[in-house]
Amino acid sequence: MSAAVRHEPDAVPELFAAIERDWRPGPVENSEFVTAAPAKAFAGVLDQQAPSTGVGDALPPLWHWLYLLDRPAQSDLGEDGHPRQGGLFLPPLPDRRRMFGGGRLEFRAPIRIGDLLTRRSEIADLRVRRGGSGWLLLVTVRHVYLVDGEVRTVEEQDLVYKQPDPAQAAARIPDTAEPGPAASWSYVLRPDPTLLFRFSALTYNAHRIHYDRDYATGVEGYPDLVVHGPLLALSLLELPRRFAPDRTVASFAFRSRAPLFAPEEIVVSGFPEDDRAVLTAGRPGAAPGITATVTLNRTSKEVPR
């Protein structure tokens, strides 16, 4: 950051102000056939039997994140493993750091193996604010997923971009939290380096904080490898899939609270009540790193094959 920003903490830096004022990328549309291989691979990462193996089988909610991936050329990547420029709505912010802030999804009908899936994406919101670690660029991207012109999933992702500040240590969740009620749904996720590497490969995510410990600790200041935000969100939706298999997910809203790190065990917990459940994931005895709410349909509303 410039000296002017340090001495005038309430003044929005010109670069951030210019991006907020002028950066308006147009809508983007991509299409891809949904195949069984990514779903089988992710089930293996979770040590679960693959739920979607043949044409017509429905993907579990959120597993569409395994498709329509951004695949930049190696020469286009920066030091951190992210593309230097271009990509899907990457702001023109030098040396940017990206964080997965949260999102909201509405699942209207299943996406199935064999579908030609189309994603229409656009910037839904863009704003600048000052956080505890400096100036932040908050970008909300809206995705609409369609099959044969029918909307299957509507999603908004909240992405946070910042510039590195060596004076700011990486956030960490407090070691203790007030004990709460026992979870009706619960399992343990063990994000060792191998699991994180496999998820990075499966989602074509080259961000080095997830597989290069020397970079994560020495450059970005984390205590260890960082568990992917999308992996945590997907882990939350494993709860209704495993413990309420007769229900279908209607909507899902989640928020990242603080990073979680390998190789610490993560307790994934659910607190269902009627057609709604609160979901959390975090270290045992600590405040959650991610929280969510999910609404469930009472009966399966599958689209006929």
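No lab work stands behind these numbers, since they all come straight from the coordinates. Keep in mind that this is a model prediction, so the values were computed, not measured. FYI the Cβ positions are ideal-geometry reconstructions off the backbone, even for glycines, and counts take in every protein chain you see.
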Checklist entry - Taking only DSSP H segments of four or more residues, each worth -39500 (n - 2.57), what value at 222 nm results for the chain once the sum is divided by all its residues, to the nearest 500 deg cm²/dmol? => result -5000 deg cm²/dmol
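In the chain, which whole DSSP H runs stretch at least 15 Å along their own axis (Cα) and average -1.0 or higher on the Kyte-Doolittle scale?
229-243
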Item to check | Charge dipole (debye, nearest 20) of the chain; +1 at Cβ of Lys and Arg, -1 at Cβ of Asp and Glu | outcome: 320 debye
Next on the checklist: Using only the alpha-carbon atoms, what does the chain span along each of its principal axes? Please give whole angstrom values in decreasing order.
Outcome noted: 60, 46, 34
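With a cut-off of 8 Å between alpha carbons and a minimum separation of six or more residues, what is the relative contact order of the chain in percent?
About 18 percent, as a whole number.
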Checklist entry - Around TYR187, what is the net charge, scoring Lys/Arg as +1 and Asp/Glu as -1 over all other residues with Cβ under 14 Å from its Cβ? => result 0
